[in-house]
Every structure is written in structure tokens, then in C-alpha cells.
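Engineer: Got a structure for you, questions after.
The values are calculated or read from the model by the stated rules, or taken from the named source; none is laboratory data. Just so you know, these numbers come straight off a predicted model, no measurement behind them. Here the Cβ is made from the backbone with ideal geometry for all residues, glycine too, and neighbour counts use every protein chain on show. Quick note on the areas: whole protein, heavy atoms, side chains included, nothing else; ligands and nucleic acids left out. Shrake-Rupley method; radii C 1.70, N 1.55, O 1.52, S 1.80 Å.
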Amino acid sequence: ATERTLSIIKPDATRRNLTGKINARFEEAGLRIVAQKRVQLTKAQAGQFYSVHAERSFFGELVDFMISGPVVVQVLEGEGAVARNREIMGATNPANAAPGTIRADFAESVEANSVHGSDSAENAAIEISYFFSGCEIVG
Ligand code: CMP
């Protein structure tokens, strides 16, 4: 079924001017960018977005990294978009990411791993509504 997922191009990637190259990966895989904005997250916003990880040892560093520069938040739409996007991104740790994936090709580390993608349709709905209102998503 046609689905939507929340994607974030992270500060390591915007810093290296990789937004277009990463977007081309999505589009070549048949995902449509139906909403997109470049934003500088505040500490409170990043902490809220990643609140599921609040108890993890890396939470503080993750939040500091996510506010270290601009991010591009976007909604990707397509057939099985959540799983499709996860395939294109590759494993969270670039050392484990399959060749040809975004993280294998662009990520610097498990933290500076260039992209975030929702891990389920349920979380996608929550994450999309965190950043976008209905009329900002144009399918
Ligand atoms: P993301 O998909 O954005 O969701 C949580 C993020 O935590 C993850 O990608 C990683 O970039 C980040 N992270 C930082 N350190 C770790 C770690 N040791 N294990 C897993 N994720 C980590």
C-alpha cells in the first residue's frame, strides 16, 4: 500500500552539502518527497523527537549532534515507504550498512549517520505529525 514515512537529513550531511545527492537516492528508489523543510532544531525539539531514547547512554550526545547544524525534515511517500526507506538508508551503524546504501556511502559514524527514517508505520504517523501539519504535505 502507499505509505508515508518521516525522513531527516542530519547535520553531518547538510554540512557536507549532500541534501541533493541523498534526495536523488530517494527519488531513484521511487519515493516521492511530498513535504520538506530545512530547520535548525532547538535542544527541546530534538530531545522531544528522540524522547524514546531518553534513557540511553548516547541520548545527550545524540541531541547535541542533532542541533549542531541544520537538518532537512521530509515526508517520503510510496509503496511500502517505511521499509523501502530503511533499505535505502542501510543499517544504523555505517560499518554494518550494505554497499550502495546512503549510510554506507555517506555516513561518518553511528551518530553522524546522515539520515533518520521512521522504524514503523505507527511511528511514522507520530513523527510526521511532530514536524508537519496536514496542509504542508502535498501528495
Ligand atoms: P536514528 O535512526 O536517528 O535513531 C536514533 C539515533 O541514535 C540513531 O539513528 C543513531 O544515529 C544514534 N546513535 C548514536 N549512538 C548510538 C548507538 N551507540 N547505538 C545506536 N544508535 C546510536
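Engineer: For the subset of the range 92-116 comprising residues that are near the ligand (Cβ under 10 Å from one of its atoms) and aliphatic (A, V, I, L, M), which member is farthest from residue 19 (Cα to Cα)?
Structural biologist: The selected residue is 110.
Engineer: Here's another thing I want to ask about it. All but one of (1) part of a helix (DSSP H, G or I); (2) surrounded by 14 or more Cβ atoms within 10 Å (Cβ to Cβ) hold for residue 77; which doesn't?
Structural biologist: Unmet for residue 77, out of (1) part of a helix (DSSP H, G or I); (2) surrounded by 14 or more Cβ atoms within 10 Å (Cβ to Cβ): (1).
Engineer: Sort out which residues of the range 37-68 are among the small types (Gly, Ala, Ser), more than 12 Å from the ligand (Cβ to nearest atom) and not in a helix (DSSP H, G or I), and write them in order of number.
Structural biologist: Of the range 37-68, the ones among the small types (Gly, Ala, Ser) are 44, 46-47, 51, 54, 57, 60, 68.
Still in the running and more than 12 Å from the ligand (Cβ to nearest atom): 44, 47, 68.
Scanning the range 37-68 gives a single hit, 68.
Engineer: Scanning the range 123-139 for residues that are under 16 Å from residue 8 (Cβ atoms) and out of contact with any helix residue (DSSP H, G or I) (no Cβ under 9 Å at 6 or more places or on another chain), which turns out surrounded by the fewest Cβ atoms within 10 Å (Cβ to Cβ)?
Structural biologist: First, pick out the residues of the range 123-139 that are under 16 Å from residue 8 (Cβ atoms): 123-132, 136-137.
Then keep just the ones that are out of contact with any helix residue (DSSP H, G or I) (no Cβ under 9 Å at 6 or more places or on another chain); that gives 125-126, 128-129, 132, 136.
Details: 125: 15, 126: 13, 128: 24, 129: 11, 132: 19, 136: 13.
If we take residues in the range 123-139 being under 16 Å from residue 8 (Cβ atoms) and out of contact with any helix residue (DSSP H, G or I) (no Cβ under 9 Å at 6 or more places or on another chain), then 129 is surrounded by the fewest Cβ atoms within 10 Å (Cβ to Cβ).
Engineer: Oh, and also: State whether one or more residues within the range 80-89 are open to solvent by less than 40 Å² (accessible area, probe 1.4 Å), acidic (Asp, Glu) and closer than 27 Å to residue 132 by Cβ. Break it down into steps so the answer makes sense when it comes.
Structural biologist: Quick first cut of the range 80-89, residues open to solvent by less than 40 Å² (accessible area, probe 1.4 Å) only: 80-82, 85, 88-89.
Within this subset, residues satisfying the condition of being acidic (Asp, Glu) are none.
Looking for residues that are open to solvent by less than 40 Å² (accessible area, probe 1.4 Å), acidic (Asp, Glu) and closer than 27 Å to residue 132 by Cβ, one finds none in the range 80-89, hence no.
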